[in-house]
1. Tell me which of these G157 doesn't satisfy, since it passes every other one: (1) part of a loop (DSSP other than H, G, I, E, B); (2) away from ligand 1 (no atom under 13 Å from the Cβ); (3) surrounded by 13 or more Cβ atoms within 10 Å (Cβ to Cβ).
2. Does G51 satisfy the condition of being surrounded by fewer than 21 Cβ atoms within 10 Å (Cβ to Cβ) and on the phi > 0 side of the Ramachandran plot?
3. Failed condition for K24, given (1) assigned to a helix (DSSP H, G or I); (2) touching a Leu at 6+ places or on another chain (Cβ under 6 Å); (3) within 11 Å of ligand 2 (Cβ to nearest atom), with all others met?
4. Identify all residues within the range 66-92 that are in a strand (DSSP E or B) and away from ligand 1 (no atom under 14 Å from the Cβ); write none if there are none.
5. From the list S161, S96, S202, S190, pick out the single residue that is over 18 Å from the mean Cα position of the chain (by Cα) and at pLDDT 95 or above.
6. Please verify whether the range 163-171 includes one or more residues that are more than 8 Å from ligand 1 (Cβ to nearest atom), surrounded by 14 or more Cβ atoms within 10 Å (Cβ to Cβ), part of a strand (DSSP E or B) and not basic (K, R).
7. Filter the range 75-93 down to residues that are open to solvent by less than 10 Å² (accessible area, probe 1.4 Å) and at pLDDT 95 or above and give me whichever is nearest to ligand 2 (Cβ to nearest atom).
8. Would you mention how many residues in the range 25-39 are open to solvent by 20 Å² or more (accessible area, probe 1.4 Å), more than 10 Å from I87 (Cβ to Cβ) and touching a helix residue (DSSP H, G or I) at 6+ places or on another chain (Cβ under 9 Å)?
Amino acid sequence: MFSCRNVLILLGPPGSGKGTQSAKLSEVLSIPAISTGEILRRECQSGSDLGRTVQAIITAGQLVSDDLMNRVIVSRMLEEDCRTGCILDGYPRTVSQAHFLDDLLNGRGIPEPTVIDFAVSMKEIVARLSRRRQCSACGRIFTAPLGGDPVRCDFDGSILSQRPDDHPKAIRARLELYRQNARDLHRYYSRRDYHRIDAARSTDEVLDEVMMILQRGARRPVQKIETALTATAAY
Ligand code: AP5
Ligand code: MG
């Protein structure tokens, strides 16, 4: 069985299911899912000056600076719950972030990350994002049924809302930025532990394929990373 003493990276366009799968994988593998988008949205909700600046960037569908994202990811990965590994959803998103992550992992003797790249057509992405709703309390992601909105979360009864960057103009901007960075990221990771998968299938089928990839990889000897991830560092 895959024991994930490692870092799993989920790449893919907006709406490809990174958040949906990272929540499922986090449960199955018992390691935290780190979504840089969720961390930023929490900062926006806090009402801080930084949150207000970030909110404007996200709503316009633009990218937050590499420097800020790198600092966010280091501080989150050094938390106790990442001792045995973590799932990165939405990071790295540029080659510069990927370089930074490699330096971070190499500097601590952490094994090469496993990269899963979710492939979904543009048509499917637009359809998914227009129907995405999210719980304001627990963050769970839902798909609104056609012809009507579910108003409450199945799990805690909280109101479901639509993300401010799920409007057509921001979706176009996010897809364009994704296109600009995706080819370079693909090139960066393609000769490594990289797997591009068809993410247009059902959520269970996608989860099964990711688990199969991880189980195949688990046959390779993997170095422990507990101490490496918690070591005090120059970052
Ligand atoms: P982020 O929150 O990461 O947004 P994103 O990358 O655009 O991806 P999404 O969250 O929109 O999609 P997803 O792949 O998670 O799909 P989901 O599972 O929700 O980032 C937001 C913003 O923060 C960025 O635009 C940027 O401004 C900033 N940011 C974040 N990270 C950054 C970084 N590293 N550097 C710079 N800036 C950064 O699924 C979508 C819908 O599809 C849901 O309704 C779901 O129910 C449904 N669905 C999922 N899987 C399936 C399936 N298999 N079949 C049918 N429906 C499905
Ligand atoms: Mg997401």
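1. Unmet condition: (3).
2. On the way: surrounded by fewer than 21 Cβ atoms within 10 Å (Cβ to Cβ): yes; on the phi > 0 side of the Ramachandran plot: no.
No.
3. Evaluating K24 over (1) assigned to a helix (DSSP H, G or I); (2) touching a Leu at 6+ places or on another chain (Cβ under 6 Å); (3) within 11 Å of ligand 2 (Cβ to nearest atom) leaves (3) as the failure.
4. G85, C86
5. Just a single option satisfies the conditions, and that option is S202.
6. Looking through the range 163-171, none of the residues is more than 8 Å from ligand 1 (Cβ to nearest atom), surrounded by 14 or more Cβ atoms within 10 Å (Cβ to Cβ), part of a strand (DSSP E or B) and not basic (K, R).
7. G90
8. Total meeting the criteria: 3.
The values are calculated or read from the model by the stated rules, or taken from the named source; none is laboratory data. What you see is a predicted model, and the numbers here were worked out from it, not measured in a lab. Neighbour counts are summed over all protein chains in view; Cβ atoms, including those assigned to glycine, are modelled from backbone coordinates with ideal geometry. Areas reflect the complete protein model, heavy atoms only, side chains present, ligands, DNA and RNA absent. Shrake-Rupley method; radii C 1.70, N 1.55, O 1.52, S 1.80 Å.
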